1. Given the residues ALA238, ALA227, ALA277, ALA258, which is the only one that is under 23 Å from PRO202 (Cα atoms) and either touching a helix residue (DSSP H, G or I) at 6+ places or on another chain (Cβ under 9 Å) or not acidic (Asp, Glu) (or both)?
2. How about the stretch 106-121: which of its residues are open to solvent by 10 Å² or more (accessible area, probe 1.4 Å) and within 14 Å of the ligand (Cβ to nearest atom)?
3. Test ALA182 against the criterion of being more than 13 Å from the chain's Cα centre (by Cα) and within 12 Å of the ligand (Cβ to nearest atom), and give yes or no.
4. I'd like to know if the stretch 210-227 contains one or more residues that are within 12 Å of the ligand (Cβ to nearest atom), in a helix (DSSP H, G or I) and surrounded by 23 or more Cβ atoms within 10 Å (Cβ to Cβ).
5. For the stretch 300-320, enumerate the residues that are open to solvent by 50 Å² or more (accessible area, probe 1.4 Å) and farther than 13 Å from ASN169 by Cβ.
6. ASN291: polar (S, T, N, Q) and more than 15 Å from VAL360 (Cα to Cα), yes or no?
7. I'd like to know if the stretch 312-327 contains one or more residues that are among the aliphatic types (A, V, I, L, M) and within 22 Å of GLY224 (Cα to Cα).
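The values are calculated or read from the model by the stated rules, or taken from the named source; none is laboratory data. All values reported here derive from a predicted model rather than from experimental measurement. Neighbour counts run over all protein chains shown; Cβ positions are idealised from the backbone, glycine included. We work out accessible area using only protein heavy atoms, side chains counted, and drop any ligands, DNA or RNA first. Shrake-Rupley method; radii C 1.70, N 1.55, O 1.52, S 1.80 Å.
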Amino acid sequence: MPLTQLVADHIQPLHAYDPPPRRPGIWLDANESPWPLPEQARQRITSVLAETAFQRYPDPGAAQLRETLATTQGGHSREYVLGSGSDELIALMLHVLSKPREGAASASVAFPWPTFVMYELGAQAHRLTPLRVPLDKQWQLDPSAWAQVLTQKQPNLVFLATPNNPTGNRFDLQVMRSFIEAHPHILFVLDQAYGPYDDQAPQVAALFERFENVALLGTLSKIGLAAIRLGWCRIRPALAAELHKVRQPYNVNALTQATARLALTELKPTLDQHVQAVVTERTRLTEALSNIPGLTVHPSHANFLVVQSPKAKELHATLQSKGIYTKHLASMDPRLTNALRITVGTLDENNALLETLSSVFQ
Ligand SMILES: Cc1ncc(COP(=O)(O)O)c(C=O)c1O
């Protein structure tokens, strides 16, 4: 009997999250920051990392980094659980909050659709029933569709990425608040991966202070440190304690812990400048793309834009042939058949993009 037959039934039909391998070129496909760290920052990191006790395990509880997060992001260090990217925290929450409610055959988890694919993939991997709730025409949460799902299906968790990936818009604060207030027995996970690019992010984070049934997700991946894989979850200590039970003991390595502490303190002004540069370029790029006849650009509060065109497939291929990589969203949702997701790059990268796109429509 092949050993693959021993793979659990719910795992066999899944597909691995498998981003394409990277070739040299302009990478506008993964919502990273386009800015490398400046030389001085690299040197500072290098000298701190050189002090690492490489022969020892890292601090299993990442106490110092959790303190730094409490100081810089608010709250108490007990409220922070860390992971190898926020991906790991999503998986941990689904693992832990997986008990079916009374009378239900399985636990469920709801999220808008389209959204970040790991909520659904994680749900399937942990045997929760995923519930897609379609976004409305403006890509906002549809209150009546949500009222029905929340009341009738009683999901254990709801994931709301605001700003949302891949649509780039942020969700209406009052609508989110009304869901949270009306359903105190559902955990609302507000994923702030793109929060640094959204001036409404502090009000979203404030929902944590007001409501017990809110958790926040954050990451360094979108603001210049995707390589180190550091994400965090801010959640009530009683639930944090449950997440710690299933977290791998040394899941955040010592090099990441040390680099993340620098990123959140000494290097923060540099990272903030880079975020600001992206926000400035987002405005310029939105305008410039809107001026290309044949393209529809959607307003974004994230570090990427969604562009629609009947020629999306051709545009994607032409850009790729020039070494400019974007994400064609066709497979996600019928409403995105003609959509490309384009990460905001540096000024030069964005100019290269604009030049190629303009040439297609000439
Ligand atoms: C909304 C959202 N949340 C979380 C993540 C995962 O980020 P990471 O695991 O790199 O922290 C992503 C990555 O694209 C995302 O788009």
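1. On the way: ALA238 fails: under 23 Å from PRO202 (Cα atoms); ALA227 fails: under 23 Å from PRO202 (Cα atoms); ALA258 fails: under 23 Å from PRO202 (Cα atoms).
Being under 23 Å from PRO202 (Cα atoms) and either touching a helix residue (DSSP H, G or I) at 6+ places or on another chain (Cβ under 9 Å) or not acidic (Asp, Glu) (or both) holds for just one of ALA238, ALA227, ALA277, ALA258, which is ALA277.
2. TRP113, PHE116, VAL117, MET118, GLU120, LEU121
3. Working: more than 13 Å from the chain's Cα centre (by Cα): yes; within 12 Å of the ligand (Cβ to nearest atom): no.
Spelling it out, it is not the case that ALA182 is more than 13 Å from the chain's Cα centre (by Cα) and within 12 Å of the ligand (Cβ to nearest atom).
4. Yes: the stretch 210-227 contains one or more residues that are within 12 Å of the ligand (Cβ to nearest atom), in a helix (DSSP H, G or I) and surrounded by 23 or more Cβ atoms within 10 Å (Cβ to Cβ).
5. If we filter the stretch 300-320 for residues that are open to solvent by 50 Å² or more (accessible area, probe 1.4 Å), which is where we start, we get 301, 310-311, 313-314, 317, 320.
Within the stretch 300-320, PRO310, LYS311, LYS313, GLU314, ALA317, GLN320 qualify.
6. Working: polar (S, T, N, Q): yes; more than 15 Å from VAL360 (Cα to Cα): no.
Judged against the criteria, ASN291 is not a match.
7. Step one: of the stretch 312-327, the residues among the aliphatic types (A, V, I, L, M) are 312, 315, 317, 319, 324.
Adding the requirement that they be within 22 Å of GLY224 (Cα to Cα) leaves 324.
Within the stretch 312-327, one or more residues are among the aliphatic types (A, V, I, L, M) and within 22 Å of GLY224 (Cα to Cα).
Each row is one residue, and each column tells you yes or no for (1) assigned to a loop (DSSP other than H, G, I, E, B); (2) free of Cβ contacts under 8 Å to residues at least 40 places away in the same chain; (3) buried (at least 16 other Cβ atoms within 10 Å of the Cβ).
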site: ASP59; (1), (2), (3): yes, no, no
site: THR68; (1), (2), (3): no, no, yes
site: THR72; (1), (2), (3): no, no, no
site: VAL81; (1), (2), (3): no, no, yes
site: LEU92; (1), (2), (3): no, no, yes
site: ALA104; (1), (2), (3): yes, no, no
site: ALA123; (1), (2), (3): no, yes, yes
site: VAL133; (1), (2), (3): no, yes, yes
